[in-house]
Amino acid sequence: MKGFVLSAPFLVFMLAVVIRLLYLLQSLHTDPMFHQPILDSLIHHVWAMSIAAGDWIGNESFFRAPLYPYFLGLSYTVFGVNFIVPRVIQMIIGAVNCVLTLKIGETLFNRKIGIISGLVAAFYPLFIYFDNELLIPTVLTLLILAGFYMTLKYSRQRAGRGKWYLTGIVWGLSAITRPNILLFLFFLPFWLKTKLKERFLSAVAFGILGVSTIVLPVTIRNYVVSKEFVLIAWQGGVNFYIGNNPLSDGKTAIVPGTRKSWIGGFEDARRIAEESAGRKLANSEVDRFWMNKGLTFIADEPGNAFVLFLKKAYLFWGGYEIPNNRDLYFFTRPTFLKFIFFKTSFFQFPFGVLFPLAIVGIYLARKRKVDISLLFLFVGAYFLSFLLFFICARYRVPITPLLIILASFAVVDTIACVRRRESILYQSMIFIGTLIFFNANITTIKDNPQLNHLTLGSLEYQKKNYQTAITHIEKSLPLYSKDVEVLTMLADCYRRTGKPLQALDCYQKVLVIEPGTPEIYENIGALYFNLRRLDDAELYFTEAAKINPGSFVSYVNLGHIYLVQEDLGQALAYYTKALEIRPNLIDALYHAGLAEFKRKNLAEAAGYWKRILAVDPDHQPALQGLKAISDLG
């Protein structure tokens, strides 16, 4: 038995690696986004590529916490830009997380609880899933479990200053991965005061020094590149408003009135803040703008804000895994996870069972006088830190190992009670009551197949598989028929697949929703031009130029209309307007030269085409034009 116990961490580690390797191989062939990251994964990928290309410092204060993108960037630097190596590394980290779960369970309770907890963690579907995503949870969970284990262990022994400094280092790394950890670190010294007594001041001082060793360089870097104080990242204000506004549902990660894409939403959030202020704003000022709007909502509507807090609390602990980047249930269906990760209208597995068991575990731990105060403090602080913002599945992943430990203890202790023929009435009542309540879906979360089709359609659009994209996007229209971004993407798909009338219909719907968008007028004008409906094309290009006088594209297209009609003077006038805005615009230069050539103004034509060659010496139409002039003599 002793040999088995000693080898248990290794067995758990190897089992976890094998399970994750099987999932990686499956998802490599079944996940349409394995090689095509979206939203947060895409941001991490792009950021990591810039780091791998040598941009290690950047030129702005961090919008989001930097550790994970730098972790990914280091992988790209060493192994090249690919989508397999980082997942393999995270697969190994995920297996280490299972071992840490074992060690924490063993330290809090006993070896049996630790081994069971490690085995459950090895099979837990959300861990397996996120270990395979270019997202934060796996690395964050490693740092949190390591910091938690070190804090727990050192609080029970006469640990020296160096160990507490190292513990602070680990918690500092957690903070620059997910700044919410700072709330727990604020309360941690009060807990340590009750445990360490005479060693308290030394432990806290060196722990703070360790945290500062990691966080302070990030703060200094932010100040050096932006000349503004940003502790870690300035995303907090935006996220605070997302979770605290009159339209918030507690889970949708979009600022009301902004685009749904990550970059579009980011740009719109800044634009709205700057329009309100009437000037350009620094990053920290944008952050404060949205933070103040969220606080204003709470102050003006305290009743609605309180109800929203209650809703977010239920969403955080409810059985349903709330999607953020994509629907976890839908996109894991082609893999073996479908057997251990599923939902019905009244039951969600596994979290819908795990959390009720964890609550039973808390009850039994208190009954058996087991000290779980550090676990309780961390889970509580972590939960409160997200209650301030919004909720999604991946946010609760780092505390799930601790819930697994409590749940394992609940099962083992209850079985022991049954064997001793002791009453299990109270734990049964707690379990059944919480099972029903947290699986009841009282916030009425509904499946969203239209969103799944939109996700797949957007992916196919990025791959330039336009006909397949059309199939999926059309299936999303029952829910997104008035979404400007969706209609614009569908219109572009129609245009690229030779369906101009359908494209026109989509663009016209966009104009009904947002009548002042010059790009849509330009797109409609281009479609009418290709259909040789030149009067209609002129009408829309003129309107685009009226809305945006700096639209050189509209002037070029108006020039094309008059060039086709042989009104060369008017065509030249529009090309000249475009060149006043963009002097080296090759399209305008070439066609202005063509108009002059047709007017027999050969010197002027040659002048335009030579300007092209100064920018693009290999531009064949300009070279051919100059040769034609030379041939004329």
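The values are calculated or read from the model by the stated rules, or taken from the named source; none is laboratory data. No experiment lies behind these values; they were computed from the predicted model shown. Methodologically, a virtual Cβ is constructed for each residue, glycine included, from the backbone with ideal geometry; neighbour enumeration extends over all protein chains shown. The accessibility values were calculated without ligands, DNA or RNA, using every heavy atom of the protein model including side chains. Shrake-Rupley method; radii C 1.70, N 1.55, O 1.52, S 1.80 Å.
For (1) in contact (Cβ under 8 Å) with a residue 24 or more places away in the chain; (2) assigned to a helix (DSSP H, G or I); (3) in contact with a strand residue (DSSP E or B) (Cβ under 7 Å, 6 or more places away or on another chain), each residue gets a yes or a no:
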site: Thr542; (1), (2), (3): no, yes, no
site: Asn557; (1), (2), (3): yes, yes, no
site: His560; (1), (2), (3): yes, yes, no
site: Glu566; (1), (2), (3): yes, no, no
site: Leu572; (1), (2), (3): yes, yes, no
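Conditions first: (1) open to solvent by 40 Å² or more (accessible area, probe 1.4 Å); (2) without any contact (Cβ under 8 Å) to a residue 60 or more places away in the chain; (3) over 25 Å from Tyr528 (Cα atoms). Ser476 passes all but one, so which condition is the exception?
With respect to (1) open to solvent by 40 Å² or more (accessible area, probe 1.4 Å); (2) without any contact (Cβ under 8 Å) to a residue 60 or more places away in the chain; (3) over 25 Å from Tyr528 (Cα atoms), Ser476 is out only on (1).
How many residues are over 18 Å from Pro621 (Cα atoms), part of a helix (DSSP H, G or I) and within 43 Å of the chain's Cα centre (by Cα) when one looks only at region 574-590?
Counting residues in region 574-590 that are over 18 Å from Pro621 (Cα atoms), part of a helix (DSSP H, G or I) and within 43 Å of the chain's Cα centre (by Cα) gives 5.
Within region 254-261, identify whether any single residue is of a type in the set (A, V, I, L, M), under 26 Å from Asp40 (Cβ atoms) and part of a loop (DSSP other than H, G, I, E, B), and answer yes or no.
yes
If I ask for residues that are assigned to a loop (DSSP other than H, G, I, E, B) and more than 16 Å from Ile432 (Cβ to Cβ), which ones from region 341-362 would you list?
Phe341, Thr344, Ser345, Pro350
Sort out which residues of region 43-102 are outside any helix (DSSP H, G or I), among the aromatic types (Phe, Trp, Tyr) and under 20 Å from Arg221 (Cβ atoms), and write them in order of number.
Within region 43-102, Trp56, Phe62, Phe63 meet the criteria.
Being of a type in the set (Lys, Arg) and closer than 16 Å to Tyr562 by Cβ is the filter here; which residues of region 592-630 pass it?
The answer is Lys598, Arg599.
Among the residues of region 274-288, which ones are within 28 Å of Phe306 (Cα to Cα) and open to solvent by less than 60 Å² (accessible area, probe 1.4 Å)?
Hits for region 274-288 are Ser284, Glu285, Val286, Asp287.
For region 505-529, enumerate the residues that are in contact with a Lys or Arg (Cβ under 7 Å, 6 or more places away or on another chain) and surrounded by 14 or more Cβ atoms within 10 Å (Cβ to Cβ).
Across region 505-529, the qualifying residue is only Leu527.
From the set of residues in region 109-129 that are surrounded by fewer than 24 Cβ atoms within 10 Å (Cβ to Cβ) and under 24 Å from Leu28 (Cα atoms), which is farthest from the chain's Cα centre (by Cα)?
Looking at the filtered set, the residue picked out is Phe123.
Within region 131-158, which residues are of a type in the set (Phe, Trp, Tyr) and open to solvent by 10 Å² or more (accessible area, probe 1.4 Å)?
The answer is Tyr149, Tyr154.
Considering only region 226-273, state which residues are open to solvent by 30 Å² or more (accessible area, probe 1.4 Å) and of a type in the set (Asp, Glu).
Correct list: Asp249, Glu267.
Going by the structure shown, is Leu102 at pLDDT 95 or above, of a type in the set (A, V, I, L, M) and open to solvent by 20 Å² or more (accessible area, probe 1.4 Å)?
no
Could you grab me the full set of residues in region 530-578 that are crowded, with 16+ Cβ neighbours inside 10 Å, under 20 Å from Ile520 (Cα atoms) and small (Gly, Ala, Ser)?
The answer is Ala537, Ala544, Ala545, Ser551, Ser554, Gly559, Ala578.
Out of the residues in region 207-224 that are under 20 Å from Thr167 (Cβ atoms) and among the hydrophobic types (A, V, I, L, M, F, W, C), state the one that is surrounded by the most Cβ atoms within 10 Å (Cβ to Cβ).
Val211
Considering region 312-340 alone, what residues qualify as being open to solvent by 30 Å² or more (accessible area, probe 1.4 Å), charged (D, E, K, R) and in a helix (DSSP H, G or I)?
If the condition is that a residue be open to solvent by 30 Å² or more (accessible area, probe 1.4 Å), charged (D, E, K, R) and in a helix (DSSP H, G or I), then Lys338 is the only one that fits.
Since Pro66 meets every condition but one in (1) open to solvent by 20 Å² or more (accessible area, probe 1.4 Å); (2) within 30 Å of Thr151 (Cβ to Cβ), which condition does it not meet?
So the condition that Pro66 fails would be (1).
Which pairs do you get when a residue that is charged (D, E, K, R), found in region 291-315, comes within reach of a residue that is open to solvent by 70 Å² or more (accessible area, probe 1.4 Å), reach meaning Cβ atoms under 7 angstrom, with the pair 6+ apart or on two chains?
Going by the 7 Å Cβ cut-off, the qualifying pairs are Glu301/Pro246.
Scan region 450-462 and give yes if some residue there is in contact with a Leu (Cβ under 9 Å, 6 or more places away or on another chain), among the aliphatic types (A, V, I, L, M) and open to solvent by less than 30 Å² (accessible area, probe 1.4 Å), otherwise no.
yes
Please go through region 433-448 and pick out each residue that is of a type outside the set (A, V, I, L, M, F, W, C) and at pLDDT 90 or above.
Gly433, Thr434, Asn439
If you go through region 617-633 one residue at a time, how many are modelled with pLDDT of 90 or more and outside any helix (DSSP H, G or I)?
Total meeting the criteria: 3.
Would you confirm whether any residue within region 187-209 is in contact with a helix residue (DSSP H, G or I) (Cβ under 6 Å, 6 or more places away or on another chain), closer than 16 Å to Ser385 by Cα and not acidic (Asp, Glu)?
yes
Can you find, within region 343-397, the residue that is surrounded by the most Cβ atoms within 10 Å (Cβ to Cβ) among those that are polar (S, T, N, Q) and in contact with a helix residue (DSSP H, G or I) (Cβ under 8 Å, 6 or more places away or on another chain)?
Once the filter is applied, the top-ranked residue is Ser385.
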